[in-house]
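Participant: Just dropping this structure here.
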Amino acid sequence: MYNTKEIEEKWQKYWTEHETFKAENKSDKEKYYILVEFPYPSGHGLHVGHVRSYTALDAMARLKRMEGYNVLYPMGWDAFGAPAEQYAIKNHIHPKKAVEENIKVFKGQLLRMGYSFDWSREFSTTDPSYYKWTQWQFLKFYEQGMAYKAEKEINWCPNCKTGLSNEDAQGGVCERCGSKTEKKLKSQWLLKMTKYADKLLEGLKETEFLDKIKTAQINWIGKSEGASVYFPLEDLDEALEVYTTRPDTLFGVTFMVMSPEHKLIEKYASKIKNIDEVKKYINEAKEKTEIERTDATKEKTGVKLEGLKAINPINNKKVEIWISDYVLANYGTGAIMAVPAHDERDYAFAKKFGIKIIPVIEQITGEKQENETFKNSIVAVVYDETTNKYLTLNWGDLGGRLFIGGTRQENETAIECAKREIEEETGYNNIEFVKEILPINHHYYAYNKKTAYEIESTGLLFKLQDNNKVEAKLDEDEKDKFKVEWVTKEEITESVTDELHITTFTNLLNDNAYTGDGKMINSGFLNGITNKKEAIDKMIEYIEKNNIGHRTTNYRLQDWIFSRQRFWGEPIPMVYCEKCGWVPVPYEDLPILLPDVTAYEPTDTGESPLANITEWVNTTCPHCGSPAKRETDTMPNWAGSSWYWLRYMDPKNDKEFAAYDILKYWGMVDLYNGGMEHATRHLLYARFWHEFLYDQGLVPTKEPFKKRVAHGMILGENGEKMSKSKGNVINPDDMVKTYGADALRVFEMFIGDYTKDASWSEFGLKGCKRFLDKIYRLKDKVTNKNGYSKDLENIINKTIKKVTEDIHTMNFNTAVSSLMILSNEYDKKEELTKDDYRILLTLLNPIAPHITEELVSITGLGSPICETKWPTYDETKMKDETVVIAVSVNGKLRGQMTVPTDTDKEELTRLAKSLDNIKKHIDGKEIIKEIVVPNKIVNIVVK
RNA sequence: GCAGGCGUGGCGAAAUUGGCAGACGCACUAGACUUAGGAUCUAGCGGAGCAAUCCAUGGGGGUUCAAGUCCCUUCGCCUGCACCA
């Protein structure tokens, strides 16, 4: 019928020759900057996933241009990184060559898809004219003290033989190769990203990122507010500093834990009596991989430091010190105060090693009342192993099912009290104590005694030994009031309603630390406070006044480890001189080019391959002129992508990375699309980089991106991620060959919700090709007439509205579907006007640009769509003359009627009641209510 | 464990935001045209029933004249973070 290849090539040539998509740096038009993450030009070529996001934003770009915006939709290459390096090593060529080849392939594929990129702005991060400015910006960081070299425990990938940032080693796994990472002490360049933690949080407010992206960033930054507290070491002129978010629990500290890497261990090794045991533990911890160490489900391990004690500055009590790998060296101070009663991890640790647990917060049940009388009491749960049941008292109307409760008498322990009460009320006397849980603060009103009580209730669990019983000793007022019943756990959950009793039961079964709010006890001046924030503030005030600590904020975010021990990256422009130390390369000497060699291998010493290239390494000190050595580490992959959107604005500038007035014209990226996998890495780095440049007055906006959206993945036909090994990879080139670029574009837009994953389906693609064929055939129905066909006016206007809105909101699937509906309408007709046809082609043009232009051209419908305006719709033409009203009785659909639009309520009711099927359902019944929603529904409620 | 999301035919999905569930497409079935069909056209297509009707948006409960949509609860799946003190 038609040759897609010919048509596509024809129009691609047309666009290139006419510079249709060239963005102007000066324009009267309003600007709109659309950015899609630039690809890493791998040897595998374009992925159908690329096609999805590029097509989506291409549709947006084309629409915006037709709406009269000066649209910047650029494309380039993020080409530094390991794969090119590996490939080059294997084939003994320079990675530059490999990159050039791959870019050629990639670009060819993109061109064949007909994307409206402004190719005049293309660049690669590996171009010296680009990375010159990446290096330049690094020097700015250095100048401001934002880049520093430090000996640091870093994530080391033994396979890639390079250090990694925390973001690249999430979960203790190397992002690139999947190997488990190790910790290695190495001297590294770092960027002080922590200094921007608050700005990165604050800046989010100025953006319109998807909520899940914002949340991911917020979590990654991990801001927490709390206090630093100093615990003096006994008999030493030293204090152990800890960070806590719960200074309100300071009175509940029963031990301290240091991470195995803590410096004080080494320092006071001579004081530690069991230092051999301690060292053994430290070595074991070191041996473990990051994954093993941070597995939250594993059992706690640790060693007590004998001979070293800390003093709780709040009450001067001596506290034992342990080391354990559940405390992380790189968060807070690498040491914690442990409050087992109110922290899950400390609780587990204390339980395992038999450390004392002091409760300082009581869970509160019941409502506080006026004039309460205080008493101590117990709730005792007795468990019978043989029947798997629990002992309860069924009080019937007097309080329902309860466990055994009672008031503690003077000089009576909780256990004694419980045993006494159990025997008195049920007669069982051979029971074994199992455990006691943290006390609960309970409030209730006793109607029989007309008294309000506040009680401190201790929950206890006992095990029934045998069924021996003595006679119960009941008070007069208790006789015949309750029945003793053994019931299952399920019955308890259903029938015990008393808040204290059911809470006690749950807590006994769960056996957890209590981390919630409650009433402060055992806490000196904090006693009685029931508000957590108040308790925290009061404690911080106290410790600050007494110089034992201060308010602090902590972040999970760490400084950005910026060194990579690799060849194929931007050289870090620093020189080391024996006399002057680290000296920055002067700006005028940039770029520091990578040497033109083809032989380099990662070294086993952990040094960059560049270290072996002596003629490159040896240089002179820019400061004193003595012999000096270049930094051989290179920048991470993320460096080049941390400012590329700025370069697109002014890509040929050789005086500065981009002229300020041009940056000002383009401003923020209006719409930025990329994968969800970059929500915490690239996006964080890029924002950090940009915010830094803003603070240096080098860019005009605080935040780089206004709106960030994320596309879903295209999965294989089997629903799994496409991969070579699974054999489910779809090559876009093959699809373009068989079905044409337009069909592929339409299908990827139609496949489903743009933000969600979708499985590939070649059948689906065929369907879209059929849709385009149908549109092609429609050309034979076009007459010489102008204007819309009268009977199509309504649907045409509706479709214009729908498609316009759907593309703007990125609901491409429904945009395509509404165009299918429109073309189905056209198909029913014998003839179409020129305008009927042209509007369909125009609306489809952003998604299928080639065939629509071709049809406009061969049907003689005027100038190319890309040179015309986006259509508007006429609301008044969209009104239907008649509307179908659903009629239901008691909410069940019983009939339909077609009435003139905006028929009033009375008329609708009257008409509804006259329908045969409605009569049938309402006759002889009382009408209770008539609900009428004009143009929608009539519902008659009868009895 | 915490946070977020999702759950609708055989499949991909729609549903004007509380108002006729399943638009549109795929697959499938029957038929027409055809030398042929991976082309095109016509009809059908959630389940049960001859039908009237009934049942159906993971399960259970609730609010409402009316629930895929709101609330509670439960199960399942996915994603992110995960011993962050």
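Participant: In region A:469-487, is there at least one residue being touching a strand residue (DSSP E or B) at 6+ places or on another chain (Cβ under 8 Å) and more than 23 Å from A:GLU432 (Cα to Cα)?
Facilitator: For region A:469-487, residues touching a strand residue (DSSP E or B) at 6+ places or on another chain (Cβ under 8 Å) and more than 23 Å from A:GLU432 (Cα to Cα): present.
Participant: In a helix (DSSP H, G or I) and among the acidic types (Asp, Glu): is that true of A:GLU805 in this structure?
Facilitator: So A:GLU805 passes the test.
Participant: Would you confirm whether any residue within region A:611-618 is in a strand (DSSP E or B), polar (S, T, N, Q) and under 27 Å from A:ASP654 (Cα atoms)?
Facilitator: For region A:611-618, residues in a strand (DSSP E or B), polar (S, T, N, Q) and under 27 Å from A:ASP654 (Cα atoms): absent.
Participant: Any residue at all in region A:830-838 that's within 16 Å of RNA strand B (Cβ to nearest atom), assigned to a strand (DSSP E or B) and not acidic (Asp, Glu)?
Facilitator: Yes.
Participant: Which one of the conditions (1) over 12 Å from A:ASN939 (Cβ atoms); (2) in a strand (DSSP E or B) does A:LYS925 fail to meet, given that it meets all the rest?
Facilitator: (2)
Participant: Which of the strands (runs of 3 or more DSSP E) contained wholly in region A:228-336 include at least 3 residues that are open to solvent by less than 10 Å² (accessible area, probe 1.4 Å) and within 8 Å of RNA strand B (Cβ to nearest atom)?
Facilitator: Per the criteria, no element qualifies.
Participant: Need pairs with beta-carbon distance below 7 Å; first residue of a type in the set (Lys, Arg) and within region A:336-350, second within 7 Å of RNA strand B (Cβ to nearest atom) and open to solvent by 10 Å² or more (accessible area, probe 1.4 Å); sequence gap 6+ or separate chains.
Facilitator: Cβ pairs passing all conditions: A:ARG345/A:TYR326.
Participant: I've got another one for you. For A:GLU101, indicate whether it is at pLDDT 95 or above and surrounded by fewer than 20 Cβ atoms within 10 Å (Cβ to Cβ).
Facilitator: Considered against the rule, which asks whether it is at pLDDT 95 or above and surrounded by fewer than 20 Cβ atoms within 10 Å (Cβ to Cβ), A:GLU101 comes out as no.
Participant: Look at A:GLU153 and say whether it is over 18 Å from A:GLY81 (Cα atoms), within 16 Å of RNA strand B (Cβ to nearest atom) and not hydrophobic (A, V, I, L, M, F, W, C).
Facilitator: yes
Participant: Does any residue of region A:867-880 turn out to be more than 14 Å from RNA strand B (Cβ to nearest atom), modelled with pLDDT under 90 and within 30 Å of A:GLU793 (Cα to Cα)?
Facilitator: yes
Participant: Give me a count of the residues in region A:744-787 that are touching a His at 6+ places or on another chain (Cβ under 8 Å) and either surrounded by 17 or more Cβ atoms within 10 Å (Cβ to Cβ) or assigned to a helix (DSSP H, G or I) (or both).
Facilitator: Total meeting the criteria: 1.
Participant: Could I ask something else about it? Which residues, counting only those in region A:582-620, are among the acidic types (Asp, Glu) and more than 39 Å from the chain's Cα centre (by Cα)?
Facilitator: A:GLU588, A:ASP589, A:ASP596, A:GLU615
Participant: Out of the residues in region A:184-207 that are under 29 Å from the mean Cα position of the chain (by Cα) and loosely packed, with under 14 Cβ neighbours inside 10 Å, which is nearest to RNA strand B (Cβ to nearest atom)?
Facilitator: A:ASP198
Participant: Only one of (1) farther than 24 Å from A:PRO232 by Cβ; (2) not in a strand (DSSP E or B) fails for A:GLN363. Which number is that?
Facilitator: (2)
Participant: Across region A:342-362, which residue is farthest from RNA strand B (Cβ to nearest atom) among those that are closer than 23 Å to A:ILE529 by Cα and open to solvent by 40 Å² or more (accessible area, probe 1.4 Å)?
Facilitator: Per the stated criteria, the residue is A:ILE357.
Participant: Go through A:GLY767, A:GLY752, A:GLY787 for me and flag whichever is more than 15 Å from RNA strand B (Cβ to nearest atom) and either within 21 Å of A:LEU822 (Cβ to Cβ) or more than 33 Å from the chain's Cα centre (by Cα) (or both).
Facilitator: A:GLY787
Participant: Out of the residues in region A:790-813 that are near RNA strand B (Cβ under 10 Å from one of its atoms) and open to solvent by less than 50 Å² (accessible area, probe 1.4 Å), which is farthest from A:SER863 (Cα to Cα)?
Facilitator: A:ASN813
Participant: Of the residues A:GLU320, A:GLU367, only one is at pLDDT below 95 and either touching a Lys or Arg at 6+ places or on another chain (Cβ under 6 Å) or among the acidic types (Asp, Glu) (or both); which?
Facilitator: A:GLU367
Participant: A:LEU500 passes all but one of (1) at positive phi; (2) in a helix (DSSP H, G or I); which number fails?
Facilitator: It fails just one condition, (1).
So that you can scan it fast, the table gives a plain yes or no per residue for (1) open to solvent by less than 30 Å² (accessible area, probe 1.4 Å); (2) in a strand (DSSP E or B); (3) touching a strand residue (DSSP E or B) at 6+ places or on another chain (Cβ under 6 Å):
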{"site": "A:TYR33", "(1), (2), (3)": "yes, yes, yes"}
{"site": "A:THR55", "(1), (2), (3)": "yes, no, no"}
{"site": "A:ALA61", "(1), (2), (3)": "yes, no, yes"}
{"site": "A:PRO74", "(1), (2), (3)": "yes, no, no"}
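The values are calculated or read from the model by the stated rules, or taken from the named source; none is laboratory data. Model, not experiment: these values are computed from the prediction. Glycine also receives a Cβ, built like all others from the backbone with ideal geometry; neighbour counts cover every protein chain displayed. These area figures cover heavy atoms from the full protein model, side chains too; ligands, DNA and RNA do not enter into them. Shrake-Rupley method; radii C 1.70, N 1.55, O 1.52, S 1.80 Å.
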